[in-house]
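**Q** One structure follows; several queries about it will come next.
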Amino acid sequence: MPAARLVGDGGQVVGVDISEGMLAQAAAALAGSGLDNLDLRLADAEDLDFPAASFDLVTCCNALSYMAAVSAALRRWHALLRPGGRLVFNCWAENSHATGHLLRSFAGTHGIFVSPVGHDTGTPERCHALLAETGYSRSEVIVEPTSKYLSAEHLNDVLASALKSPLFGIAADDVIRIEALRNEYLEAARSKEVLESLEREMGAYFVVAYR
């Protein structure tokens, strides 16, 4: 909706989500907005069916690191951009608390494996290299403190997401074990050590790439 307001009557915005529930919430918000230049569609962002060179700008919020085929998605979005178009997305440092650093460490002490998430975009250097490999002419990475976007309370959300997502690779039996250890995990999340590490962490990346 902010994008639709920015482009005004002379522009068009397409909002895509794979979740019907997310689209329903967006539609409810859109209904009272007065905007008529925003089209909401149920679709997989990794496999968008739009003509080549359809867009001036592609944005992706809090999703790229969790996609099954990051390189393929970036190539597809590159094809959707007009010459001079831009891709904008955010991601996290590979060892950020946002990608489950505390959970991996905590689970490891109990002999439970949790897969790393966001390896492809886990450092600014990897972001630049990946974008160059997928056809973008240049890219910029702005790094900010993780604590601007993530608090200790959010670490419970990270746990909940990891237990449901296959990307974290947690075996079914281990999901049950971690659920039983939830209070111990939350105690660790509120510890002075974790709070201080969260404040120090520079793990929020905002990336602009040019076609």
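**Q** Using only helices, what value at 222 nm comes out for the chain when you add -39,500 (n - 2.57) per DSSP H run of length 4 or more and divide by the total residues, to the nearest 500 deg cm²/dmol? Numbers along the way, then the final one.
**A** Numbers: 9 runs with 84 residues, N = 211.
So the calculated ellipticity at 222 nm is -11500 deg cm²/dmol.
**Q** Still on this model: For the chain, set up a Gaussian network in which alpha carbons nearer than 10 Å are linked by springs, and say which option among Leu198, Leu167, Leu40 fluctuates the most.
**A** Sorting by GNM fluctuation, first place goes to Leu40.
**Q** Return the long-range amide H neighbours of Val14 (sequence gap of 5 or more, or a different chain), with a cut-off of under 5 Å between placed amide H atoms.
**A** Asp39
**Q** Could I ask something else about it? Would you grab the residues whose amide H sits under 5 Å from the one on Gly85? Only those 5+ places off in sequence or on another chain, please, with H modelled 1.01 Å from N.
**A** Excluding prolines and chain starts, which carry no amide H, the hits are Arg211.
**Q** Suppose the Debye formula is applied to equal point scatterers at every Cα of the range 47-92; what is log10 I(q)/I(0) at q = 0.21, 0.27 Å⁻¹?
**A** The Debye formula, applied to the Cα set alone, gives -0.68, -1.04.
**Q** Taking all pairs of different Cα atoms in the range 1-75, averaging 1/r and flipping that mean, what Kirkwood radius in angstroms comes out?
**A** 13.6 Å
**Q** Turning to a different aspect of this structure: Please compute the volume of the convex hull spanned by the alpha-carbon atoms of the range 60-144 and report it per residue in Å³.
**A** 92 Å³
**Q** Oh, and also: Please report the equivalent ellipsoid semi-axes of the range 158-203, computed as sqrt(5 x eigenvalue) of the Cα gyration tensor, largest first, in whole Å.
**A** Values: eigenvalues 109, 41, 8 Å².
Rounded to whole Å, the semi-axes are 23, 14, 6.
**Q** Can I ask one more? Please list, in order along the range 168-184, the HN-Hα scalar couplings obtained from phi with the Karplus expression 6.51 cos²θ - 1.76 cosθ + 1.60 (θ = phi - 60°), rounded to whole Hz, x for Gly and Pro.
**A** Going residue by residue, I get 7, x, 8, 4, 4, 5, 6, 4, 5, 5, 5, 4, 5, 9, 4, 5, 5 Hz, with x marking Gly and Pro.
**Q** What are the ³J(HN,Hα) couplings of the range 127-137, residue after residue, when phi is run through the Karplus curve with 6.51, -1.76, 1.60 and θ = phi - 60°? Round to Hz, x for glycine and proline.
**A** 4, 4, 5, 5, 5, 5, 5, 9, x, 7, 6
**Q** Just how far, in whole angstrom, is the range 59-90 from the range 145-169 if you go by their alpha carbon centroids?
**A** The two parts, judged by their Cα centres, are 22 Å apart.
**Q** Right, next: Send over the per residue convex hull volume for the chain, Cα only, as a whole number of Å³.
**A** Working: hull volume 28.6 nm³, N = 211.
Enclosed volume per residue, from the Cα hull, is 136 Å³.
**Q** Can you tell me the dipole magnitude for the chain around its Cα centre, using point charges on the Cβ only (Lys, Arg +1; Asp, Glu -1), in Debye to the nearest 20? Spell out each step's value before the answer.
**A** Numbers: 17 positive and 27 negative charges, 79 e Å.
Approximately 380 debye in magnitude.
**Q** For the range 113-211, compute Rg over Rh where Rg is the Cα radius of gyration and Rh is the Kirkwood radius from the inverse mean 1/r over Cα pairs.
**A** For the range 113-211, the value is 1.06.
**Q** For the range 25-110, report the convex hull volume of the alpha-carbon atoms normalised per residue, in Å³, without decimals.
**A** Details: hull volume 12.6 nm³, N = 86.
Hull volume over Cα atoms, normalised by residue count, gives 146 Å³.
Rule-based calculations on the coordinates, nothing more; no lab input. Everything quoted here is computed from the prediction, not taken from an experiment. Glycine gets a Cβ as well: all are built from the backbone with ideal geometry, and neighbour counts include every protein chain shown.
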